[in-house]
1. Between helix 395-410 and the chain, what is the angle of the helix's C-alpha long axis to the longest principal axis, kept within 0 to 90° and rounded to the nearest 10?
2. Any chance you could get the radius of gyration and Dmax over the Cα atoms of the chain, in Å?
3. So how do 897-909, 861-873, 696-708 stack up, highest first, on mean other-Cβ count within 10 Å?
4. What's the ranking of 73-84, 92-103 by average number of surrounding C-beta atoms within 10 Å, highest first?
5. Is the C-alpha gyration tensor of segment 272-408 telling us rounded, prolate or oblate? Criteria: a/c under 1.5 is rounded; beyond that, a/b larger than b/c is prolate, otherwise oblate.
6. Evaluate the relative contact order of segment 7-180 (contact order divided by residue number), counting alpha-carbon pairs under 8 angstrom at least 6 apart; express in whole percent.
7. Can you list the aspartates and glutamates whose alpha carbon is less than 17 Å from that of Lys699, not counting same-chain residues fewer than 8 positions off?
8. Over all alpha-carbon pairs in segment 332-466, figure out the percentage whose distance exceeds 26 Å.
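Rule-based calculations on the coordinates, nothing more; no lab input. Predicted, not measured: the structure shown is a model, and the values here were computed from it. Using ideal geometry, Cβ is built from the backbone for each residue, glycine included, and neighbour counts are taken over all protein chains shown.
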Amino acid sequence: MNTTVNISAAKKCLADSVQLISEKKNEQVIRDSFTSHLRQIFTDMPNWVTRHIQNSESAVKINKGTKVSTGFIDNLVDLVAIEYEGDLTIRSKFDTGFNQVKDYCAALVNRGNDSDLVIGILSDTVRWYTYTIEIDQTAVMPYNRDNVILNQIDFIDCSRADDKASNDLIIFLQKYLGRIGARPVSAYSIAKDLGFESQFCSIYLSSLEKIINGAFKDSPKYAELVSSLWCSFVSYLREEGHSKYFDIKTYIDEYYILTLGKLICANYIEKRALNSDENELLDIISGRYFENKGLINFIEYDYFGWINSSPIADKIAPIAQLIQQDLLVYNFASDPDEDLFGKLMAQLANRSQRLLLGQEWTPSWLSHKLVHHVIDSIPSNEPIRLLDMCCGSGSMIVESLKIIKNRIKENIDIHGQEERINLLVQSITGFDIDPLAVMLSKINWLLVTMDWIRPLGTFNISIPIYHADSLFAITPISNNIVSETNAYILKIAEFSVELPVFLIAPQYREFFDSLISIAYKLALSNNSSSIDLYIEKDELLIHIQDIISNLAQDITPEQIEMILEFLKQFISKIDILNRDGRNGIWSYILRNSFRPGLVLGQFNGLVSNPPWLALSKVADNPYHVVLKRKAEEFGIKPEGSSHLHIELATIFLLHAVRQYLTAGAQIGCIVPDTVLNGHHHNPFRKSKFLTSKISVPFKVNEIWKIDGFVFKNKAAILFGKKQQPDANPSISIPGCIIYENQSSTEITFYKNTQGNRTAWGERLITGEEGFYNPGSFRQGADIMPRNLLFYEVSPCENRNNVSIKSINPITSNIAYIVRDAKKFKEFHLSSRIVKRDLIYDVITSNLLTPYCISPFQQVFLPIKKEGGKWTKLSNREIISKGAIVQNAFEAIFKTIDPINGNVDSLFSLLDVRGKLSQQVLPSTGFIVMTGAGGKNVCAAYLNLDDENVVTDRLIIDQTIYWTHVDTEEEAIYLTGLFNSEAINGIIQEFQPRGAFGERHIHTLPFGVTPPYDSSQIAHQDVVEKTWSLVSEYHELLLNSDVKELLNPNTSALTKRRRTLASYIKRLPSYQEYEEACRALYGL
């Protein structure tokens, strides 16, 4: 801001202050004198001067241990707390003021303000001390002065009261009270100060919402056009996204970030915080400002183009001006060296549940390491041609450009600015399906190259980042880009236009761009609002021949005829739409959406972090269909139900390798950690893509594991090359673990194979190969929803009846059953008498701890055993049980399906995939059970000869895997192995990891465990050692404190299992038992 200042008034202010201090006046007199001078020093009264005057003696709550009192900040300017003292050369006054600054800063943080934004100032109006604050990490709110650390960041002494002192005072006040140019620009500060969690953002969004909603109401035709295009492309980014749903909230959120990004970019171009007049603001908003700087495609007429144009932009300008005012606090003198918008994109992703953006921000340190490794692998005599097929807000692009600039500098054969800029423009291309990400990535591209392309306007620059689907599967005007004819069918509003397929190829790239440009100009040349535009064939032919001649393009006569037909259709439809007020965006879509087809086979390097998303999370729309087809074509679609969990990362990676890279190109791609061991990635690890319907030559040469949780889930980087693997590939892959702030740790990954399953792990499994089948383990039935089926059951005087009532999730002794219920929480059955034969015993994983099964839970179900199999009761049978039973079941049925609920509604839930009807428990023998969930295996067995076990009335729940064995030796053998530490070590290589550690174990233990063979010494040893351990454990359970842990209501299942396991490990025979298990597994 160009604030008018009066140096003479500043000198007078200081002179008066020095005089008052020398006369030992109190702080009130000195402060009032200073405040009265501010109006004369800053004659145009900037906002901070007004706030300094108005916020005198601001009340705050001061925490003093157990007491809270009201304190008064001398002056408060936003989050700058100023304490004035009479004379800071007096130590006692300095100490008093210093502690009061601590009090006031703590009070501001206690109000919920970010400590990074709070500044404390201690002054006698002549001497000025400035502090940032830190909060003691061990302290808890509310904070007091003892929890605050003041870090001095500035000091001035103006006691000489001369011109220099006066100028120093003015700069100081503007910097810290006006906060002009004082705050460093970073991704963190932008997101914190102006992101979606800031107070400023909510104000701007509210204003933008009114304007944009008004625009949609006032321009219904264009609003409908934008909504339709947005829904046909961008809405696929949302979870459960549907092409009919236009999310105006996300549209407004995106527009806010775009506007903020343009204003920041303009500040960097000028190397200062702008305070623009209305004309300059409108130029920035519309893009004319950047176009005048030679940035040809920086701001295009995209989905927001109509909002950026008058008359709507005229209403936006005042909001943009307020945002500019907020940006005055930042220092734009130095060009940034990071992706400034990644954190904002992550915030937006959290607000809108957008999924296909690659929206998890890739930190700059990680992008730098990946890009550097890829570029180092490209021969030094080759120009760099990188691709980021899912560029997001540009983290990879920023780091690539920084490294490439240094590489170009080192090449002594490169001369002149123009040659360097051309190499830079060609060095990396980006695609993203999200228009916001594309714009922010362009801004980042510009900011990191600014030092090379200044003065802007010397050369026209087209930034190679495009709003396009890198899979080239859909476009905003075509839901399926695959064409088996000679033309793509484009849907332009309600019209269809045939675009010749041959034009979308690298050799026609410049021809295509020129053709669209000419066609668009011709379409807009109609001066009549009512007469259709008609252009003679000969005139069109002249334009085509001019382009052919200028580009020396080879075009056959047959192709010319196809081009003529396309131009005729395209120009005619655009003319109609233009006269109907529905034009503007079509050129942008055509130039961007078809770009992937124009750059096939052009790149010698790939650097990217593609979206991590299970196919099951993509809504049922054309994109879902294309992704599924591509997984099949690449041979990486898993068999069975696992196919829904195929993640998009590998689809994007293989498509990019095949379509965009030259032979021998280098590859670096961030993928989810599950690529290393998840079963759904098994076909990828087995390189099925090499021999698939659409084969991809790709060799993985190196794997980096990323330490910790940089993203929501663990991640790895695959490095490789576009080439066929060796005929006899090694079983090992070199790799390392990388960290943000320390050197990497070298490791080796091994291609472990067991049967049909593979895993890339850090340990070579040397035991017997192949999956085992130690028993016919199957999953229990889906006895859910819990709070509809499980009840407290009490006996009645009539032995044929029982009393049931819903379980209270807080006070009941079996509250654990329903405490975590997510559905039908409000359902409740009051106490009532029902038939005993409708009550069944159920075993769920909550009852299962190592070697023990707690007393069964009880459910109320309309089922029966018929021919040894479970089946539902008929309506007549339910009626025969009496009105109370009938009404109870009716309430359950209608809760499940309010309209058509009946016994079938419930039984279909219970018998998913026949897991109930096919659950047949023999009357003798033993049932071995393992929990389906959790990090570690847990097992126990049930003796069917036990008098408390009635198999005709017993159901095993889906949280349990179970099998029947004939002998107790076999039961103890399996249970012993499944409870060992050895089994967890074995399956860990194959256990996918999530944000909270290894994911659920399910059937992993069975595939690595050999079936029981009593003739084998190793098997006998496991049985013997397990018997000894279990005997000691049963003695231990006589201790009431230990036995209490078997009660599911005492604490969480994982805690109970973990605590009991710790007791077991301390038993005398445990070590021998564990060694027996390890020996069997070959460890």
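1. Once rounded, the angle reads 60 degrees.
2. For the chain, the Cα-based Rg and Dmax read 35.8, 107 Å.
3. Working: 897-909: 14.6, 861-873: 16.2, 696-708: 18.5.
Listed from highest to lowest mean packing, they are 696-708, 861-873, 897-909.
4. Working: 73-84: 22.8, 92-103: 18.1.
My ranking of the peptides, most packed first, is 73-84, 92-103.
5. Details: a/c = 2.01, a/b = 1.72, b/c = 1.17.
Prolate, since a/c reaches 1.5 and a/b exceeds b/c.
6. Values: 304 pairs, mean separation 38.3, N = 174.
This gives 22 percent for segment 7-180.
7. Reachable aspartates and glutamates: Asp726.
8. On the way: 1930 of 9045 pairs.
Above the 26 Å cut-off, segment 332-466 has 21 percent of its Cα pairs.
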